[in-house]
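The values are calculated or read from the model by the stated rules, or taken from the named source; none is laboratory data. Everything numeric here is computed off the predicted structure, so don't read it as measured data. Virtual Cβ from ideal backbone geometry, glycine too; neighbours counted across all protein chains shown.
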Amino acid sequence: MAADFLTDKQTQNYGRYAAEPNEIQLARYFHLDERDLTFINLRRGRHNRLGIALQLTTARFLGTFLPDLMQIPPGVQFYVARQLNIRYPEIISRYAQRENTRWEHHGLIRQHYSYHDFGDFPWSFRLKRLLYTRAWLSNERPGLMFDFATAWLLQNKVLLPAASTLTRVIGEIRERATRRLWRKLAALPNRWQAAQLAGLLEIPEGQRLSVMEHLKRGPVTISGPAFTEALERYTRLRSLEFSCLNFTGLPAIQLRNLARYAGMASVKYISRMPEERRLAILTAFVKAQEISA
């Protein structure tokens, strides 16, 4: 799935330094404690010690390793170098001369600090389960799910996958949750009720609007005819016997969202939907109308 739901800011900030970290961030992610210094000081050469220290602190802050440490803001380089008693952080340019060193340091950091790859079991499974729960219970925007997933990966020391991988996972999970909801809703009405729902999309003889459009409008004035119309509307909705259907376990927020969508979509568009989706949307619509009638 394309990453078209990401904002420009999300795309630019994912796995990158958007700006110089503030003082609180420096203290939280870039401070080197005794364990860190012991690990770092095992490396030979000041440039290697600074290099692995920047790799480590960047992984803490961004959740990934950078291919080019020159992308790290100067303030970060200076802050980390000062803790290593390195006066000139510019020596980091020597670190990039050996590609193998960088990869070796990645492996050492993963092992020593228990970092995981996204594909390692059970980390991606746990994240997908959490995302599925959120997708099932609410109509959370995919961009918010992306931010939640990124924060969860950082918290659990799981190195960030490519942005396209994460957006694809979120898209697939949202699609699966949506189709499950359609399937469960479409299975609620019996054959007679399903036929009655289909009839809502039809325009009665001599009328200009479909039954569903009349239900959408409802009474708009306080008058005798309006009261009669409201009573007829209520009677029609009750005649569908939706009060006998068991909506237990179906997320209320999602039902309201589907009903709201049905209220905005044209009858012609709904009538052209695949049967399962059409029946699910009509079921949610009638349930909401029955409650509000």
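Odds and ends about this structure:
- Single condition Arg35 does not satisfy, out of (1) under 30 Å from Ile170 (Cβ atoms); (2) basic (Lys, Arg); (3) part of a helix (DSSP H, G or I): (1)
- Any hit, segment 59-67, residues being assigned to a helix (DSSP H, G or I) and more than 31 Å from the chain's Cα centre (by Cα): no
- Verdict on Ala18 being without any contact (Cβ under 8 Å) to a residue 12 or more places away in the chain and either assigned to a loop (DSSP other than H, G, I, E, B) or farther than 25 Å from Asn156 by Cβ (or both): yes
- Residue match in segment 109-126 (condition: touching a Leu at 6+ places or on another chain (Cβ under 9 Å) and farther than 24 Å from Leu56 by Cβ): no
- A Cβ distance below 7 Å, combined with a sequence gap of six or more or placement on separate chains, defines the contacts here; from segment 68-97, residues that are surrounded by 11 or more Cβ atoms within 10 Å (Cβ to Cβ) and assigned to a loop (DSSP other than H, G, I, E, B) reach residues that are polar (S, T, N, Q) and modelled with pLDDT of 95 or more in the pairs Ile72/Thr58.
- Filtering segment 133-146 to residues that are surrounded by 15 or more Cβ atoms within 10 Å (Cβ to Cβ) and hydrophobic (A, V, I, L, M, F, W, C) leaves Ala135, Trp136, Met145, Phe146.
- Single match in Ala195, Ala177, Ala149, Ala163 (criterion: within 20 Å of Ala280 (Cα to Cα) and surrounded by 16 or more Cβ atoms within 10 Å (Cβ to Cβ)): Ala177
- Failed criterion for Gln289 (all others in (1) buried (at least 19 other Cβ atoms within 10 Å of the Cβ); (2) at pLDDT 90 or above hold): (2)
- Residue count for segment 116-175 under the criterion of being touching a His at 6+ places or on another chain (Cβ under 9 Å) and of a type in the set (Lys, Arg): the result is 1.
- Among the residues making up segment 111-123, a single one is touching a strand residue (DSSP E or B) at 6+ places or on another chain (Cβ under 8 Å) and in a helix (DSSP H, G or I): Trp123.
- Qualifying residue in segment 137-150 (condition: outside the structural domain of Leu197 (by TED's automatic domain parsing), modelled with pLDDT of 95 or more, among the aromatic types (Phe, Trp, Tyr) and in contact with a Pro (Cβ under 9 Å, 6 or more places away or on another chain)): no
- Condition met for Arg28 (among the charged types (D, E, K, R), under 16 Å from Ile109 (Cβ atoms) and either assigned by TED's automatic domain parsing to the domain that holds Arg16 or at pLDDT below 95 (or both)): no
- Residue within segment 267-284 that is charged (D, E, K, R), in a helix (DSSP H, G or I), assigned by TED's automatic domain parsing to the domain that holds Lys216 and over 26 Å from the mean Cα position of the chain (by Cα) present: yes
- Hits in segment 180-192 - residues which are among the aromatic types (Phe, Trp, Tyr) and either buried (at least 19 other Cβ atoms within 10 Å of the Cβ) or touching a residue at least 40 places away in the same chain (Cβ under 8 Å) (or both): Trp182
- Unique residue being among the basic types (Lys, Arg), more than 21 Å from Thr150 (Cα to Cα) and surrounded by 14 or more Cβ atoms within 10 Å (Cβ to Cβ) when the list is Arg49, Arg60: Arg49
- Those residues of segment 21-31 which are in contact (Cβ under 8 Å) with a residue 40 or more places away in the chain and crowded, with 17+ Cβ neighbours inside 10 Å, in sequence order: Pro21, Leu26, Phe30
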